[in-house]
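The values are calculated or read from the model by the stated rules, or taken from the named source; none is laboratory data. Every value quoted in this text rests on a predicted model; they were computed, and no experiment measured them. We place every Cβ from the backbone using ideal geometry, glycine too, and count neighbours over all the protein chains shown.
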Amino acid sequence: MAKAWPMAQTENHSKEEHGGQQERQFAKVNEIIALYEADESALIPILQKVQEEYRYLPEEILTYIATALGISPATVYGVATFYAQFSLDPLGKYVVRVCDGTACHVRRSQAVLDAIRKKVGLASGEKTTQDLGFTVETVSCLGACGLAPVVMINDHVYGNMTPEAITEILDTLEKREGDAK
Ligand code: FES
């Protein structure tokens, strides 16, 4: 069953609620760390699992992981910022990757990107929608050049995209989210 989209925290959350959330937050991280027996050589899989859980790597959790593994926060930050798969900013429920490699570019990937940004309502310079529904980014090649232009939404690859086709796909996703609420 689809989960509801996470909402940005509202100011009227009480401190108690916030404290409770934090405890739950670290309880999940503890579970992940225990899964790898707090082994520092498992830092990358630990970060991957934490990101799967939160959809990004919150700063306080990186520091917590460093303490739990007995390594420096700088080491954890170094790994988290080195690999493109990790994000230190919250990502949307749907991460839309638009290929802008050569094959896709010549087949008008820019028009597809423009249509996506317009459809989800991203202002210039923004990467993630305010409601954390969508993150939109470009990548250099998704390895499916024969299907150019290509868009990937989470783990699903869509080939031969046009502005109209991607708009319909996003319509379907938005409708699915609306129905799940
Ligand atoms: S250039 Fe877009 S998939 Fe390769």
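Kindly indicate whether Arg55 is at pLDDT below 90, closer than 27 Å to Val136 by Cα and not assigned by TED's automatic domain parsing to the domain that holds Asp155. So Arg55 passes the test.
If a residue has to be out of contact with any Asp or Glu (no Cβ under 8 Å at 6 or more places or on another chain), surrounded by 14 or more Cβ atoms within 10 Å (Cβ to Cβ) and over 18 Å from Asp100 (Cβ atoms) to count, how many in segment 125-144 make the cut? The total comes to 3. Being under 30 Å from Ala180 (Cβ atoms) and assigned to a loop (DSSP other than H, G, I, E, B) holds for only one residue in Ala115, Ala123, and it is Ala123. Screening Leu47 with (1) modelled with pLDDT of 90 or more; (2) over 30 Å from Arg176 (Cα atoms) gives one miss only, at (2).
Among the residues of segment 74-94, are any closer than 18 Å to Ile153 by Cα, within 16 Å of the ligand (Cβ to nearest atom) and touching a Leu at 6+ places or on another chain (Cβ under 8 Å)? Scanning segment 74-94 turns up no residue that is closer than 18 Å to Ile153 by Cα, within 16 Å of the ligand (Cβ to nearest atom) and touching a Leu at 6+ places or on another chain (Cβ under 8 Å). Scanning segment 96-112 for residues that are within 12 Å of the ligand (Cβ to nearest atom) and in a helix (DSSP H, G or I) returns Thr102, Ala103, Cys104, His105, Val106, Ser109, Val112.
Looking at Leu122, Leu147, just one residue is surrounded by 14 or more Cβ atoms within 10 Å (Cβ to Cβ) and more than 20 Å from the chain's Cα centre (by Cα), and that residue is Leu147. List every residue pair whose Cβ atoms lie under 9 Å apart, where the two residues are 6 or more positions apart in sequence or sit on different chains, the first residue falls within segment 148-175 and is farther than 20 Å from Thr128 by Cα, and the second residue, located anywhere, is in a loop (DSSP other than H, G, I, E, B) and away from the ligand (no atom under 14 Å from the Cβ). The qualifying pairs are Pro149/Thr162.
A search for C-beta distances below 7 Å between a residue of segment 112-134 that is under 16 Å from Lys93 (Cα atoms) and any residue that is part of a strand (DSSP E or B) and among the charged types (D, E, K, R), counting only pairs 6+ apart in sequence or on different chains, returns Lys127/Glu137. May I ask you to list the residues in segment 75-89 that are of a type outside the set (Phe, Trp, Tyr) and out of contact with any helix residue (DSSP H, G or I) (no Cβ under 8 Å at 6 or more places or on another chain)? Within segment 75-89, Gly78, Thr81, Ala84, Asp89 qualify.
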